[in-house]
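What follows is a short report on a single structure.
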Amino acid sequence: MRTKTRDININTSSTTKTMENPSSPPSSTIPSFFRCPISLDVMRSPVSLCTGVTYDRSSIQQWLDSGNNTCPATMQVLPSKDFIPNLTLHRLINLWSSSPSPSSSPRLPPLPDLLRDLQSSTTTNTHHLLSSLSSFAASSDCNRASLSLSPCPSVLLSLLARHGNDDGDLSVLAGAARVLSLLNLTDPIPETPPIARALSRLLRAGSPDSRVDAARVLDSLARSSPDARLALASSDYGLLPLLLRMLDETHTPSAAVDAALACLITLSAPRRARAQVVRLGVVPKLTRILLSELPAETVERALKLMETASTCTEGRAAICGEEGCVGAVLGRVLKGSAAATEHATVVLWSVCCLFWDKRARDAVAMGGNGSTKMLLLMQGSFSPAVREMAGDLLKIFRVSNPKCGITGYETKTTHIMPF
C-alpha cells in the first residue's frame, strides 16, 4: 500500500536532536501518549488508524506490510488499512522537543505517580502537588496540552467533587480550579451536581483570583457539551446569580468581569437559561458596563451578551424598559471592534424593528450621530445582514425627523466624513 508522505512536513531533526542531546529530558518526563505503542519511542510522524489508535508512521507501515490486518493495540480486524496524519499530536511533539531544557522549566515526577499521589494524599501534600501542577501548566503551551490530554482533568474534577462540601478544604478547591483553568477541558462532566456545588462554593467564598478561576473552569466545562451547559445553568447551587454578582466589579479593570461575561455567554445559549439570566437582572448590569471605561474587549463581551439577551422576548422587554440602555448600545456603534459594532446593531434592530418598541425607537432617533452611523454601517465592510439592519434602522430616523436630509439612502450613497 502506498501512502501520501506529503501530508505532513516531518521535522525529524528537532526530535532527533532532543533525544540524542545529553541535556534533554530523561525518558520519565516524556508524555506517554508521545510514544508509539509499537516501538515505544517518541513518534516522528504520528498517524491514526480507523480504530482511533495513533502510531508512528514507520512502525505501523512495517506492521501492515508484514501481512497483518489488525490494530496492534486493540487486535481489532481493520476494515480499512488507510491511516490519517495526526497533525495535532505532531505539532505537540515538535513543540515539546523544542521546549527549554529541564533546568529552565518546572519539573514534575512521572505524571501517573503524581496523579495517584494526588488522589490519596494528605491535605498538606495535596497543596504541594497542586502547586507543582500549576507551575508546570503555566510554564508553556506544550505542558498545558500534555496535561489536558492526560487523566489530569478527571483527577482534578474528582478532587473538586470531594472537597465541594462546606466542610471541605477551600484552599484545595482553589488549587484544583487554578490548574483546571489553565487546561482545555473537552470531556463531558462525569457528575454535574458535585462539580457545580464545588464551583458555587468557590464563586461564593473564594478569593478574587479563585473566583476568576472558578468562572473560567465553569465556562470550559459548559463548552464541553450542550447537556453540560444546560445542567450547569439550571443547577440548584445558584451559579448564574453568583456570576452576575461578579459583573458589579467594574470599579477597576477586572479579570472577574471578563471571566463572568465569557461564562454567561456560554451558559445563556439554551433558551431557558437565557430567559433566566434576564430575569436575574443582567440587562442593568450590562448597561453599566457599556457606560463605563472598561477595556474594549470587556465591552465587546458585554455587547455579545446583550445581543444574546435580545434574542428572547424577556430580554427585549428588559432592554427597552431599562433607562439609558438603548442609548448606551447606540453609543458603542463604530466605537470599538467590528464585532462589537455588529453585536450593537443586532441589539438595536431587535428592539426597534423586531420588537417594534416605541421607547427604543425614540431613543435611537434621539441618539447623537445615529443617522450618520447607520450610513457608515451600510457602506462599511460588515456582513450583509448587518448592513440590511442598518438600513432598517435608518428608516427610523427618516420617520422621526423628515428634515434630517437623508432621502436616497436605499439607492444612492455618498462619502460620509468621519464624525
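What are the residues in the stretch 53-73 that are assigned to a loop (DSSP other than H, G, I, E, B) and closer than 17 Å to Leu40 by Cβ, if any? First the steps, then the outcome.
Pass one, the stretch 53-73, residues assigned to a loop (DSSP other than H, G, I, E, B): 53, 66-69, 71-73.
Of everything in the stretch 53-73, those that are assigned to a loop (DSSP other than H, G, I, E, B) and closer than 17 Å to Leu40 by Cβ turn out to be Val53, Cys71, Pro72, Ala73.
State whether one or more residues within the stretch 53-63 are within 30 Å of Ala174 (Cα to Cα), surrounded by 17 or more Cβ atoms within 10 Å (Cβ to Cβ), under 32 Å from the mean Cα position of the chain (by Cα) and of a type in the set (Phe, Trp, Tyr). Talk me through it step by step, then tell me what you get.
Going residue by residue through the stretch 53-63, those that are within 30 Å of Ala174 (Cα to Cα) are none.
No: the stretch 53-63 contains no residue that is within 30 Å of Ala174 (Cα to Cα), surrounded by 17 or more Cβ atoms within 10 Å (Cβ to Cβ), under 32 Å from the mean Cα position of the chain (by Cα) and of a type in the set (Phe, Trp, Tyr).
Under 8 Å between Cβ atoms, which residue pairs at least 6 apart in sequence (or on different chains) link something in the stretch 58-80 that is without any contact (Cβ under 8 Å) to a residue 12 or more places away in the chain with a partner that is in a strand (DSSP E or B) and open to solvent by 50 Å² or more (accessible area, probe 1.4 Å)?
Hits for this filter: Thr70/Val77.
Given the criteria open to solvent by less than 20 Å² (accessible area, probe 1.4 Å), at pLDDT 90 or above, aliphatic (A, V, I, L, M) and in a helix (DSSP H, G or I), does Leu159 qualify?
Yes; evaluated as a whole, the condition is true for this residue.
Can you report the number of residues in the stretch 30-51 which are farther than 24 Å from Asn143 by Cβ and open to solvent by 60 Å² or more (accessible area, probe 1.4 Å)? First the steps, then the outcome.
Initial filter on the stretch 30-51 (farther than 24 Å from Asn143 by Cβ): 38-39, 47, 49-51.
Still in the running and open to solvent by 60 Å² or more (accessible area, probe 1.4 Å): 38, 50.
Looking only at that region, the number is 2.
Kindly list the number of the only condition in (1) polar (S, T, N, Q); (2) at pLDDT 95 or above; (3) over 19 Å from Ala256 (Cα atoms) that fails for Thr192.
(2)
Hey, can you tell me all the residues within the stretch 328-351 that are free of Cβ contacts under 8 Å to residues at least 40 places away in the same chain and under 21 Å from the mean Cα position of the chain (by Cα)? First the steps, then the outcome.
The first filter runs over the stretch 328-351 and keeps only residues free of Cβ contacts under 8 Å to residues at least 40 places away in the same chain, leaving 329, 335, 339.
The answer is Ala339, and nothing else.
Please count how many residues of the stretch 33-51 are within 15 Å of Asn94 (Cα to Cα) and under 29 Å from the mean Cα position of the chain (by Cα).
Count: 4.
Any residue at all in the stretch 326-339 that is buried (at least 16 other Cβ atoms within 10 Å of the Cβ), under 18 Å from Val257 (Cβ atoms) and either of a type in the set (Lys, Arg) or touching a strand residue (DSSP E or B) at 6+ places or on another chain (Cβ under 8 Å) (or both)?
Yes, the stretch 326-339 has at least one match.
Take the stretch 175-209 and flag every residue that is open to solvent by 10 Å² or more (accessible area, probe 1.4 Å) and not in a loop (DSSP other than H, G, I, E, B).
The answer is Gly175, Arg178, Ser181, Thr192, Pro193, Pro194, Arg197, Arg201, Arg204, Ala205, Pro208, Asp209.
Could you look through the stretch 218-261, keep only residues that are open to solvent by 60 Å² or more (accessible area, probe 1.4 Å) and under 18 Å from the mean Cα position of the chain (by Cα), and pick out the one that is nearest to Leu303 (Cα to Cα)?
Top of the filtered list is Arg223.
Give the residues of the stretch 301-317 that are open to solvent by less than 60 Å² (accessible area, probe 1.4 Å) and of a type outside the set (Val, Ile, Thr), sorted by residue number. If you could, list the steps in order and put the result at the bottom.
Let us first name the residues in the stretch 301-317 that are open to solvent by less than 60 Å² (accessible area, probe 1.4 Å), namely 302-303, 305-310, 312, 315-317.
Within the stretch 301-317, Ala302, Leu303, Leu305, Met306, Glu307, Ala309, Ser310, Cys312, Gly315, Arg316, Ala317 meet the criteria.
For the structure I just gave you, tell me whether Ala145 is at pLDDT below 90 and surrounded by 18 or more Cβ atoms within 10 Å (Cβ to Cβ).
Working: at pLDDT below 90: yes; surrounded by 18 or more Cβ atoms within 10 Å (Cβ to Cβ): yes.
The answer is yes for Ala145.
Can you tell me which residue among Ser103, Ser28, Ser24, Ser99 is closer than 30 Å to His128 by Cβ, at pLDDT below 55 and either within 27 Å of the chain's Cα centre (by Cα) or part of a loop (DSSP other than H, G, I, E, B) (or both)? So that I can check it myself, show each step before the final result.
Working: Ser103 fails: either within 27 Å of the chain's Cα centre (by Cα) or part of a loop (DSSP other than H, G, I, E, B) (or both); Ser28 fails: either within 27 Å of the chain's Cα centre (by Cα) or part of a loop (DSSP other than H, G, I, E, B) (or both); Ser99 fails: at pLDDT below 55.
None of the others qualify; the one that does is Ser24.
Regarding the stretch 361-375, can at least one residue be identified that is at pLDDT 70 or above, more than 24 Å from Glu322 (Cβ to Cβ) and acidic (Asp, Glu)? Full working, then the answer.
Here is the first cut: in the stretch 361-375, the residues at pLDDT 70 or above are 361-367, 369-375.
Checking which are more than 24 Å from Glu322 (Cβ to Cβ) leaves us with 372, 375.
Checking the rest, the ones that are also acidic (Asp, Glu) come to none.
No - not one qualifying residue is present in the stretch 361-375.
So how many residues does the stretch 352-366 have that are assigned to a helix (DSSP H, G or I) and free of Cβ contacts under 8 Å to residues at least 12 places away in the same chain?
Step one: filter the stretch 352-366 for residues assigned to a helix (DSSP H, G or I), giving 352-354, 358-365.
Keeping just the survivors that are free of Cβ contacts under 8 Å to residues at least 12 places away in the same chain gives 358.
Total meeting the criteria: 1.
Being among the aliphatic types (A, V, I, L, M) and touching a residue at least 40 places away in the same chain (Cβ under 8 Å) is the filter here; which residues of the stretch 145-159 pass it? Walk me through how you get there before you give the answer.
Initial filter on the stretch 145-159 (among the aliphatic types (A, V, I, L, M)): 145, 147, 149, 155-157, 159.
Once the filter is applied, which keeps residues that are among the aliphatic types (A, V, I, L, M) and touching a residue at least 40 places away in the same chain (Cβ under 8 Å), the stretch 145-159 yields Ala145, Leu149, Val155, Leu159.
The values are calculated or read from the model by the stated rules, or taken from the named source; none is laboratory data. These numbers were taken from a predicted model, which means no experiment stands behind them. With ideal geometry, Cβ positions are generated from the backbone for all residues, glycine too; neighbour counts draw on all protein chains shown. In case anyone asks, the SASA skips ligands and DNA or RNA and just uses the protein heavy atoms, side chains included. Shrake-Rupley method; radii C 1.70, N 1.55, O 1.52, S 1.80 Å.
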